[in-house]
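This report concerns only the one structure given below.
The values are calculated or read from the model by the stated rules, or taken from the named source; none is laboratory data. Model, not experiment: these values are computed from the prediction. Virtual Cβ from ideal backbone geometry, glycine too; neighbours counted across all protein chains shown. Protein only, heavy atoms only, side chains kept; ligands, DNA and RNA dropped before computing areas. Shrake-Rupley method; radii C 1.70, N 1.55, O 1.52, S 1.80 Å.
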Amino acid sequence: LLTSKDASEARKLAQSIDQANKKRQTLVAKIVKELYERVEARVPQITKEGFILEGSKEWPAGVCGLAANKVLDRYGYPTFIFSEGEEVAKGSARSYPPFSVVSVMKEAGEMLLDWGGHHQAGGFSLVPKNLDAFRAALKKATAKIKKEDIAPLLAIDLELDPEDISIDLWDRLQALQP
């Protein structure tokens, strides 16, 4: 798309990318709706455990991170979402500070086939028979942290004085939207 010298070809490529993106967005919305329903049905258990671990054979691994972000944003608990294959479950993890998803995965290393990421986001894979042991490792890790200590980081890029706020500023900020 970016290297095309033909406007017609570039337009077709852009439309194809847009269609694929809309299809992905629809899939993520469906998965997130299902996740919200699952989580709502288990709120007392999740509140007690302090994390969310959910998976399905129907969810592609490539969208688990997007779904995990939305679940984390809504419920605030460290979230682990996975696609369960016959031989391997692959997933994504998201959390707010101070909970570190990579620290948990490091501690659970022997039951994971692979893992990586940074403190607030990561990926993992494991044999499905190890899911119960992974859940136990998550319980142990979250037992050390109080729910009220886990919160999104508020990053402030700029402070404005009241006299700097105007309709013109609002219009210029709106022009920056995607």
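To keep it simple, each residue is scored yes or no on (1) farther than 24 Å from Q120 by Cβ; (2) exposed (fewer than 13 other Cβ atoms within 10 Å of the Cβ); (3) of a type in the set (V, I, T).
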| site | (1), (2), (3) |
| --- | --- |
| K5 | yes, yes, no |
| A10 | yes, no, no |
| A20 | yes, yes, no |
| V28 | no, no, yes |
| F51 | no, no, no |
| W59 | no, no, no |
| V71 | no, no, yes |
| S83 | no, no, no |
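Per-residue answers, yes or no, for (1) of a type in the set (S, T, Y); (2) modelled with pLDDT of 95 or more; (3) under 19 Å from G109 (Cβ atoms); (4) under 19 Å from the mean Cα position of the chain (by Cα):
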residue: V127; (1), (2), (3), (4): no, yes, yes, no
residue: A136; (1), (2), (3), (4): no, no, yes, no
residue: K139; (1), (2), (3), (4): no, no, yes, no
residue: T142; (1), (2), (3), (4): yes, no, yes, yes
residue: K147; (1), (2), (3), (4): no, no, no, yes
residue: A155; (1), (2), (3), (4): no, no, no, yes
residue: E159; (1), (2), (3), (4): no, no, no, no
residue: D164; (1), (2), (3), (4): no, no, no, no
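The residue that is farthest from the chain's Cα centre (by Cα), counting only those in region 25-40 that are touching a residue at least 24 places away in the same chain (Cβ under 8 Å) and within 20 Å of K139 (Cα to Cα), is V39.
Please tell me if A143 is among the aliphatic types (A, V, I, L, M), touching a residue at least 60 places away in the same chain (Cβ under 8 Å) and loosely packed, with under 15 Cβ neighbours inside 10 Å. When the stated conditions are applied, A143 passes them. Candidates P78, P128: the one that is touching a residue at least 60 places away in the same chain (Cβ under 8 Å) and surrounded by 12 or more Cβ atoms within 10 Å (Cβ to Cβ) is P78.
Can D168 be described as part of a helix (DSSP H, G or I) and open to solvent by 20 Å² or more (accessible area, probe 1.4 Å)? Yes. Consider region 85-104 and keep the residues that are of a type outside the set (G, A, S) and in contact with a strand residue (DSSP E or B) (Cβ under 6 Å, 6 or more places away or on another chain). The one that is most open to solvent (accessible area, probe 1.4 Å) is K90. G109 meets each of the listed conditions (1) crowded, with 19+ Cβ neighbours inside 10 Å; (2) at pLDDT below 95; (3) closer than 13 Å to L131 by Cα apart from (1).
Within region 151-160, can one find any residue that is surrounded by 10 or more Cβ atoms within 10 Å (Cβ to Cβ) and under 27 Å from R74 (Cβ atoms)?
The first filter runs over region 151-160 and keeps only residues surrounded by 10 or more Cβ atoms within 10 Å (Cβ to Cβ), leaving 151-152.
Among the residues that remain, those that are also under 27 Å from R74 (Cβ atoms) are: 151-152.
Yes, that holds for at least one residue.
Every listed requirement among (1) at pLDDT below 95; (2) over 12 Å from the mean Cα position of the chain (by Cα) is met by E58 save one, (1).
From the list V101, V43, exactly one residue is modelled with pLDDT under 95, under 19 Å from K140 (Cα atoms) and under 13 Å from the mean Cα position of the chain (by Cα). Which is it? Walk me through how you get there before you give the answer.
Values: V43 fails: under 13 Å from the mean Cα position of the chain (by Cα).
None of the other options fit; the residue is V101.
Does D18 fit the bill of being touching a residue at least 60 places away in the same chain (Cβ under 8 Å) and outside any loop (DSSP other than H, G, I, E, B)? Taking the combined requirement at face value, the residue does not satisfy it.
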